[in-house]
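For reference, the structure is listed below as structure tokens.
The values are calculated or read from the model by the stated rules, or taken from the named source; none is laboratory data. Values in this document were obtained by computation on a predicted structure and should not be read as measured data. Heads up, the Cβs are rebuilt from the backbone with ideal geometry, glycines too, and the neighbour counts pull from every protein chain shown. Surface areas here come from the heavy atoms of the whole protein model, side chains and all, with no ligands, DNA or RNA. Shrake-Rupley method; radii C 1.70, N 1.55, O 1.52, S 1.80 Å.
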Amino acid sequence: MDVFKNIFIDEDSRKPKYIQIVDSVTENISNGHFAMGEKMPSINMLSEEFYLSRDTVEKAYKILKKRKIITAVRGKGYYIAKTNLISKTNILFLVNKLSSYKLQIYNSFNHSIGANSHTDLQIYHCDESVFLNLLEKNKGSYDYYIVMSHFKSEDSKHMSSPESVVKALNEIPKKKLIMLDNLNQQIDGNIIKIYQDYENDIYDSLEEGYTKIAKYKKIVLVYPDKSVYPYPKRIVHGFRKFCVNKSLDFEIIDEIYDDMILKKGDLFITIVEDDLVNLINLIRDNEFIIGEDIGVLSYNDTPLKELLGISVVSTDFKKMGGTAASMILNKKKGEIKNPFYFLDRQSM
């Protein structure tokens, strides 16, 4: 079969043979050696030609099918499906939860990386086993793996990465790994890291808004101690340090309660959306005026918060996605701290 002469397997290479098959097929399509609709050798034929196990060839074909480079026709075999896909960069984007600000990162990344790439978005819901299964299932199938590393412990506390996740991430080739959002020093090697510094970010942003914050009698941080999607405890550390250093009266509570007592001169800092909604309803029910009687400051900016005039402390999510794309395109490595800011609106 003529197609055999264009497939090359290097016995001395340390690269897995199924990856060599994938690379060889894609390179030959890119070079015009394989045409659209051309029939590929069967799994058995290819394994016999190159003295490979059937499982090795089958694994390669699965990757080629997943990338839509080849297609299987029932009862006939495998055929070249596309000739314009090969130059694309294939990216797996692993996100801990689907939220408006995570989507801002993802959409900004896709816009910046350009049309010459294909990005698959997968959500693992802060679950260790789901994350590991996704990584194992897609092992070797992508050119880049972008990971937002947020997990929860058995008691629903935030974790950067369990040991099993660290081990799995360290097995990904460094040139293919990008860590976003949460800096994890346990990941070895010179990779792309674009991160938030949760403790210092909230401290510095509150410092930026200190002139307004100091006018309030009491600062209340609403931090969900246990959550389906837990937040880093470093947010609490940075908040507490700021209030202590500035000699501000403060309190940390875990949620907005329906029968909570509000007092004029309170400033609430909310983390999750439900608490923000409940707080606004509670302020209105008590006939207080937001921004005059009660101050509201929210963590992480969204278009809806902008529309409602809610003051925020937030990282620049669009910047994070754009920076990741830029570093990939320019083949750069290193750690970059993403901008974080205080944005004053009508709610303070």
Exercise for the section: Can you work out the PRE-style zone for Lys318? Point 7 Å along Cα to Cβ, and I want the residues of region 333-348 with backbone N under 12 Å. Expected result: none
Completion exercise
The farthest towards the positive end of the charge dipole of the chain, of the residues Ser13, Asn107, Ser149, given +1 on Cβ of Lys and Arg and -1 on Cβ of Asp and Glu, is Ser13
Practice task
Would you mind checking the tilt of helix 198-208 against the longest principal axis of the Cα atoms of the chain, expressed as 0 to 90 degrees and rounded to 10?
Solution key: 40 degrees
Exercise for the section: Mind checking which aspartates and glutamates have their Cα closer than 19 Å to the Cα of Lys215? Skip sequence neighbours fewer than 8 apart in that chain. Expected result: Asp204, Glu207, Asp249, Glu251, Asp266, Glu292, Asp293, Asp344
Practice task
May I ask which residue of Thr71, Val57, Thr26 lies farthest towards the positive end of the charge dipole of region 10-119, with charges of +1 (Lys, Arg) and -1 (Asp, Glu) on Cβ and the Cα centre as origin?
Solution key: Thr71
Handout entry: 222 nm mean residue ellipticity, helices alone, for the chain (DSSP H n ≥ 4; -39,500 (n - 2.57); rounded to 500)
Key = -10500 deg cm²/dmol
Exercise for the section: List, largest first, the extents of the alpha carbons of the chain along their principal axes, each in whole Å. Expected result: 83, 36, 36
Fill in the blank from the handout: Rounded to the nearest Å, the spacing of the alpha-carbon centers of region 47-107 and region 195-243 is 43 Å
Exercise for the section: Mind listing the long-range amide H neighbours of Tyr142? Cut-off is under 5 Å, sequence gap 5 or more, other chains count too, H placed in the peptide plane at 1.01 Å from N. Expected result: none
Fill in the blank from the handout: Cα-Cα longer than 27 Å, checked against Lys39/Lys331; Lys59/Lys333; Lys15/Lys66; Lys137/Lys319; Lys59/Lys332, kept in input order, equals Lys39/Lys331; Lys59/Lys333; Lys137/Lys319; Lys59/Lys332
Completion exercise
Cα-Cα pairs in region 53-145 separated by more than 16 Å, as a whole percent of all pairs, come to 64 percent
Problem - For region 192-260: accessible area per residue (Å², 1.4 Å) - result: 48 Å²
Fill in the blank from the handout: Taking protein heavy atoms only, a 1.4 Å probe, and rounding to whole percent, the accessible area of the chain owed to carbon and sulfur comes out at 47 percent
Problem - Solvent-accessible heavy-atom area per residue, rounded to whole Å², over region 1-160 at 1.4 Å - result: 52 Å²
Handout entry: Mean Cβ neighbour count within 10 Å, used as a protection proxy, ranking 248-258, 160-170 highest first
Key = 160-170, 248-258
Practice task
Work out the length of the dipole vector of the chain about its Cα centre, built from +1 on the beta-carbon of each Lys and Arg and -1 on the beta-carbon of each Asp and Glu, and round it to the nearest 20 debye.
Solution key: 1360 debye
Exercise for the section: First check a/c for region 150-280, with a ≥ b ≥ c the square roots of the eigenvalues of its C-alpha gyration tensor; if it is under 1.5, answer rounded, and if not, answer prolate when a/b is larger than b/c or oblate otherwise. Expected result: prolate
Problem - When each of Lys76/Lys174; Lys175/Lys241; Lys139/Lys233; Lys102/Lys174; Lys97/Lys318; Lys157/Lys305 is checked by Cα-Cα distance, pairs over 28 Å - result: Lys76/Lys174; Lys175/Lys241; Lys139/Lys233
